[in-house]
Amino acid sequence: MTRTLWLITAYLTLSFCLQANGSVVVLRDDGSPAGPALAEISWNPLAGGWDITLLKLYNPGGETIYKVYGTGGETINSLIINVPCWKNSSGECAPAGSPVYVSVLHGDAGGIRTIRRIIQTNDAETVLLRAEAREDIGEIVVESMSEIYAERDVLGPIIATTEDNSARGIFTVDADRNILGDIKAPNGRVAGVRAKGSIGRPGAPITIEAKYIIFGIHSLTGTYAHINTRVNGGTAGIWNMSGPIFEGSLITAKLAVNTFEGLPPRLVFTERFSADLIVGSSFNTLDGWIELPRGGFDGRIIFNADNLPGGEWVNPVFFGTSNDPDRIEISEAGYPQDAQMLGGGSIGLVPFRLHNVSCSPPNGASINADTVTDPLNVRLRHYGPISWTAGDPVTIEQRVAGSIGVFTPLSMLDFGIQIALDDPNSLVIGLNASGQGGFEPGFEYRILPTEFLRCAVSSEPNVQWDLPYLFTFRDTVCVGDTNGTQSIDVSDLLFLLSFWGPVFSFGDRVDFNGDGAVNVSDLLTLLANWGPCP
């Protein structure tokens with residue numbers, strides 16, 4: 001039968017069925033009506049919509065195809081797919097199967113206004129080919145589905161119940177406005193999730209999950225979701241994701257290449273990224289990149305969360321669009337930019353290192369007691385979240401400020417240590433539980449991690465600092481007093497001369513004017529303050 005002849009037959013049949021059954025009809029693949037033995041159709045006056053139940057295979061051993069049409073802007077209150085499988089002589093579902101394909105379609109311009117529920121309740125292999133509505137689509141729970149399209153909202157949840165199958169699950173979920181319900185294929189894949197409005201809402205994130213892969217997630221106003229491609233032991237990844245805002249989380253084995261088109265992975269967000277992106281493997285996919293809003297990154301990105309040997313991060317993470325003259329590119333685990341420059345967020349490669357410039361005080365800095373209004377709290381910020389469950393996470397040593405003597409270990413009972421309440425990347429060290437101890441002025445301190453300080457990811461490796469954390473806590477401001485003796489003399493002069501030229505490491509303590517070099521200007525400052533400190 002030609003396509004034109006089929007359409008004529010279908011619409012003639014549709015016209016006949018409208019007289020018999022109202023504004024919704026169920027047709028077989030050949031355009032003939034599915035009679036009462038195959039499909040029950042009834043108006044539900046309390047719900048204000050149609051209830052439809054599909055009952056059986058009409059083509060055992062082959063394909064059974066049902067097409068549900070609406071023509072007058074009708075509401076489908078429920079579509080129940082209660083079709084049993086084709087059984088063999090032993091009463092078991094035949095291995096070859098006898099699939100049921102179901103579509104819910106517009107018959108004419110009136111179409112279907114709303115679909116409230118589509119539920120599979122029996123064991124025939126079932127695929128929902130397409131469900132479309134002029135307004136909203138509610139709950140769908142079916143073995144596998146291809147296209148879900150709402151001209152207003154997808155309220156969900158949308159759940160694929162397929163058994164373990166990398167080619168089945170949910171193909172596309174599209175909304176001309178918002179997607180507000182969960183989308184789950186815990187044993188299959190999710191291909192595309194797209195909304196012209198938002199995916200989820202602020203304060204009401206949805207869940208999107210798949211075992212095998214998620215192709216892409218795109219929203220024109222914002223995505224508020226917890227996304228996971230690793231449920232039930234999944235090892236696949238995600239191809240791409242975009243939108244102005246992302247709040248929530250994305251847990252994935254990898255940022256993967258689009259195998260159909262050969263395109264590298266792309267994650268692009270233009271206004272704000274306030275999510276946790278946790279990637280189990282390296283970020284070293286050919287030509288892959290991430291683009292985040294400059295100054296709008298207050299989330300967290302973790303690469304190699306599984307702590308795989310040789311884990312690396314080499315692909316770029318951009319802050320700002322390609323036409324932004326102040327665009328920042330980062331592609332190394334120990335990037336030098338301060339966290340606040342990026343918006344407060346962090347990007348870390350497991351095992352995490354110490355983010356020296358984002359520590360407080362910065363690693364290698366010198367501070368004066370008269371600039372500290374409260375007992376000094378030292379904040380050691382890492383490139384990712386940290387934890388410990390036993391023992392002391394660090395050791396603390398001291399020596400007299402300005403000396404070159406041996407560092408002396410201190411008792412950890414004199415310090416209180418905790419993860420910062422506002423930042424899981426930061427370890428805060430201050431007074432002990434009795435309000436005693438803590439850091440005393442007049443000393444240089446050295447802090448080192450112990451075997452108990454770990455990266456707060458599932459693999460839990462030890463953190464790996466490149467260098468010890470050092471800072472000097474001076475008694476008072478006395479420009480030129482490099483050794484804390486409260487006097488500026490020959491020893492200070494010799495110390496300054498030993499760092500003559502561009503500053504390195506400790507050289508900043510004699511770069512008095514902060515111009516990046518120890519030079520004549522610093523020498524004159526020291527000589528002008530010669531003698532006892534005021």
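For region 487-534, which positions are modelled with pLDDT under 85, surrounded by fewer than 15 Cβ atoms within 10 Å (Cβ to Cβ) and of a type in the set (S, T, N, Q)?
Matches in region 487-534: Ser505, Asn513.
Which members of region 147-190 meet the condition of being assigned to a strand (DSSP E or B) and modelled with pLDDT under 95? Before you say what the answer is, go through the steps one by one.
Within region 147-190, the subset assigned to a strand (DSSP E or B) is 147-150, 154, 158-160, 169-175, 179, 183-185, 189-190.
Listed by number, the list is empty, since nothing qualifies.
What number goes with the only condition from (1) closer than 24 Å to Thr161 by Cβ; (2) crowded, with 20+ Cβ neighbours inside 10 Å that Glu74 does not pass?
(1)
Could you list all residues from region 341-364 that are under 20 Å from the mean Cα position of the chain (by Cα) and not hydrophobic (A, V, I, L, M, F, W, C)? Spell out the reasoning first.
So in region 341-364, the residues under 20 Å from the mean Cα position of the chain (by Cα) come out as 342-352.
Of everything in region 341-364, those that are under 20 Å from the mean Cα position of the chain (by Cα) and not hydrophobic (A, V, I, L, M, F, W, C) turn out to be Gly343, Gly344, Gly345, Ser346, Gly348, Pro351.
Quick one: which of Glu163, Glu143, Glu125, Glu132 is over 25 Å from Ala37 (Cβ atoms) and in contact with a strand residue (DSSP E or B) (Cβ under 8 Å, 6 or more places away or on another chain)?
Values: Glu163 fails: in contact with a strand residue (DSSP E or B) (Cβ under 8 Å, 6 or more places away or on another chain); Glu143 fails: over 25 Å from Ala37 (Cβ atoms); Glu125 fails: over 25 Å from Ala37 (Cβ atoms).
Result: Glu132 is the single residue among Glu163, Glu143, Glu125, Glu132 that is over 25 Å from Ala37 (Cβ atoms) and in contact with a strand residue (DSSP E or B) (Cβ under 8 Å, 6 or more places away or on another chain).
In this structure, is Gly484 at pLDDT below 85, surrounded by 13 or more Cβ atoms within 10 Å (Cβ to Cβ), of a type in the set (Gly, Ala, Ser) and touching a Phe, Trp or Tyr at 6+ places or on another chain (Cβ under 6 Å)?
Working: at pLDDT below 85: yes; surrounded by 13 or more Cβ atoms within 10 Å (Cβ to Cβ): yes; of a type in the set (Gly, Ala, Ser): yes; touching a Phe, Trp or Tyr at 6+ places or on another chain (Cβ under 6 Å): no.
Taking the combined requirement at face value, the residue does not satisfy it.
Mind telling me which of the residues Thr252, Thr235, Thr270 ends up being β-branched (Val, Ile, Thr), closer than 26 Å to Gly320 by Cβ and surrounded by fewer than 18 Cβ atoms within 10 Å (Cβ to Cβ)? Give the derivation first.
Values: Thr252 fails: surrounded by fewer than 18 Cβ atoms within 10 Å (Cβ to Cβ); Thr235 fails: closer than 26 Å to Gly320 by Cβ.
Criteria check complete, one pass: Thr270.
Of the numbered conditions (1) under 22 Å from Pro424 (Cα atoms); (2) free of Cβ contacts under 8 Å to residues at least 40 places away in the same chain, Trp289 satisfies every one except a single condition; which is it?
For Trp289, the failing item is (1).
Of all residues in region 388-414 being free of Cβ contacts under 8 Å to residues at least 24 places away in the same chain and surrounded by 15 or more Cβ atoms within 10 Å (Cβ to Cβ), which is farthest from Asp481 (Cα to Cα)?
Checked region 388-414; the qualifying residue farthest from Asp481 (Cα to Cα) is Met412.
Give me the residue from region 22-35 that is in contact with a strand residue (DSSP E or B) (Cβ under 8 Å, 6 or more places away or on another chain) and not in a strand (DSSP E or B) and, out of that set, surrounded by the most Cβ atoms within 10 Å (Cβ to Cβ). Write out each step before concluding.
So in region 22-35, the residues in contact with a strand residue (DSSP E or B) (Cβ under 8 Å, 6 or more places away or on another chain) come out as 22-29, 33-34.
Imposing the further condition that a residue be not in a strand (DSSP E or B) reduces the set to 22-23, 29, 34.
On the way: Gly22: 16, Ser23: 18, Asp29: 16, Ala34: 23.
Only one residue tops the list, namely Ala34.
Search region 281-305 for residues being surrounded by fewer than 19 Cβ atoms within 10 Å (Cβ to Cβ) and assigned to a loop (DSSP other than H, G, I, E, B), and hand back the single one that is modelled with the highest pLDDT.
Taking region 281-305 and keeping what is surrounded by fewer than 19 Cβ atoms within 10 Å (Cβ to Cβ), we get 284-287, 289, 294-295, 298.
Filter once more, keeping what is assigned to a loop (DSSP other than H, G, I, E, B): 284-287, 294-295, 298.
Values: Asn284: 91, Thr285: 84, Leu286: 78, Asp287: 84, Arg294: 90, Gly295: 90, Asp298: 94.
So, considering only residues that are surrounded by fewer than 19 Cβ atoms within 10 Å (Cβ to Cβ) and assigned to a loop (DSSP other than H, G, I, E, B), the one modelled with the highest pLDDT is Asp298.
Only one of (1) free of Cβ contacts under 8 Å to residues at least 60 places away in the same chain; (2) in contact with a strand residue (DSSP E or B) (Cβ under 9 Å, 6 or more places away or on another chain) is not met by Leu57, so which one is it?
Result: Leu57 fails condition (1) only.
Would you mind stating whether Ala191 is crowded, with 21+ Cβ neighbours inside 10 Å and closer than 17 Å to Asp164 by Cα? I'd like the intermediate steps shown before the answer.
On the way: crowded, with 21+ Cβ neighbours inside 10 Å: no; closer than 17 Å to Asp164 by Cα: yes.
Taking the combined requirement at face value, the residue does not satisfy it.
So Leu380 ticks every box in (1) hydrophobic (A, V, I, L, M, F, W, C); (2) surrounded by fewer than 17 Cβ atoms within 10 Å (Cβ to Cβ); (3) closer than 30 Å to Glu291 by Cα but one. Which box is left unticked?
(2)
The values are calculated or read from the model by the stated rules, or taken from the named source; none is laboratory data. Please read these numbers as outputs of a predicted model, since none were measured by experiment. Virtual Cβ from ideal backbone geometry, glycine too; neighbours counted across all protein chains shown.
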